[in-house]
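These notes are about the structure you will find just below.
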Amino acid sequence: MILVLEKIDLKQSLKKDAYNEKMSYFETRLGELQRACRAAGIPVIILFEGWRGSQRSVIINHMMQQMDARGFRVYSASKMADEEPDQPFFEPFWRQLPAKGNMAVYYRSWYYLKNEYTFDRDADQVKRINTSYRHINAFEKQLTDDNYVLLKFFVHVSEKQLKANVQKAEKTYGKGWNKVSESDDDFVDYQRYLEIYEKMFIDSDRPNAHWYLIAGDDTRFAEVSIFDVIVQRLELALAEAEARRQKAGQQLVLPRTEIYDVLSKVDLSKEIAKAEYKEKLDVFSGIHHYHGCLYFSVWHLFLYCKQCK
């Protein structure tokens, strides 16, 4: 059987010059679209799943630099199971849903929380989770039916690249980086995790909540691919929102997104004659000297009064 992830061409890459050219456009456009979605009241949820060490955090950090921090939040499901083990599975995610016009970005989402108990957990723990992909599909259907934009990314890397990324991270952050969670050993049992992820795609890829599988051996290629999808989907969401408003007889007013260029307002043609320059400089230098002497005198007066007491 040909697996879904095996169809991805992991040899795809992008040279630095091409990457810089594409990202120059996507960075600006992403910021514009986030502000436009905020004005239009469009809520957005972006999930990042994938192998450990697949540079998802790097991509999320780059996204954050382009956006208005007042309109988005970043979450992680890594610790949810241990912090509140007895709560309903979707309880924390319902609380974290972005308001209309806001954006929620997940570094590990409800999929991570479910898969954590699929791998190397005892029966009681698996039972406690009490969810399935059918429940997840229903949860996501409620969101998209309410006009949420839901983007699901999985960053795929080869087993060789995964081990190389983990080794690099260990050198940078120390071996303690490897002990964040007992379920983070996907680089140790790559094939078994591959099966878990394949089932996840088959059972949860739906027309309203499609999985975008990203080739991640080359981080530059992965980042451009993800930014491209986000930009296209947000543009589509804005067009659909405008269509709904026109149908309802309303007009969507988007914010002005031109760059605020302060330096262009500076008059560089102004100049001053040398004699006038020297005259004004002498005046201002004298004022500065006077202020210095006044400060010195006041300070000594303060010390004198303090001694008198």
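The values are calculated or read from the model by the stated rules, or taken from the named source; none is laboratory data. Computed from a prediction, not measured in an experiment: that's the story for all the values here. Reconstructed Cβ throughout: ideal geometry from the backbone, glycine too, with neighbour counts over all protein chains shown.
Sub-6 Å Cβ pairs linking a first residue in segment 206-233 that is part of a loop (DSSP other than H, G, I, E, B) to a second residue that is buried (at least 19 other Cβ atoms within 10 Å of the Cβ) and not polar (S, T, N, Q), at least 6 apart or interchain, are Gly216/Val155; Gly216/His156; Gly216/Val157; Gly216/Ala222; Asp217/Val157, ordered by first then second residue.
Annotation note: of Leu281, Leu263, Leu252, Leu238, the sole residue that is surrounded by 14 or more Cβ atoms within 10 Å (Cβ to Cβ), at pLDDT below 85 and more than 30 Å from Lys11 (Cα to Cα) is Leu252.
Scanning segment 38-65 for residues that are of a type in the set (A, V, I, L, M) and closer than 23 Å to His210 by Cβ turns up Ala40, Ile42, Val44, Ile45, Ile46, Leu47, Ile59, Ile60, Met63. Take segment 201-217 and flag every residue that is within 24 Å of Gln12 (Cα to Cα) and not β-branched (Val, Ile, Thr). Within segment 201-217, Phe201, Asp205, His210, Trp211, Tyr212, Leu213, Ala215, Gly216, Asp217 qualify. For residues that are more than 20 Å from the chain's Cα centre (by Cα) and among the aliphatic types (A, V, I, L, M), scanning just segment 132-156, find the one that is surrounded by the fewest Cβ atoms within 10 Å (Cβ to Cβ). The qualifying residue surrounded by the fewest Cβ atoms within 10 Å (Cβ to Cβ) is Ala138.
Could you pull out the residue among Leu33, Leu113, Leu47 that is in contact with a Leu (Cβ under 6 Å, 6 or more places away or on another chain), buried (at least 17 other Cβ atoms within 10 Å of the Cβ) and closer than 23 Å to Val149 by Cα?
Exactly one residue qualifies, and that residue is Leu33.
The set of residues in segment 160-190 being surrounded by fewer than 14 Cβ atoms within 10 Å (Cβ to Cβ) and at pLDDT 85 or above consists of Lys160 alone.
Every residue, every condition in (1) within 12 Å of Tyr106 (Cα to Cα); (2) small (Gly, Ala, Ser); (3) modelled with pLDDT of 95 or more, yes or no:
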| position | (1), (2), (3) |
| --- | --- |
| Asp17 | no, no, yes |
| Arg29 | no, no, yes |
| Ser54 | no, yes, no |
| Gln65 | no, no, no |
| Arg70 | no, no, no |
| Gln87 | no, no, no |
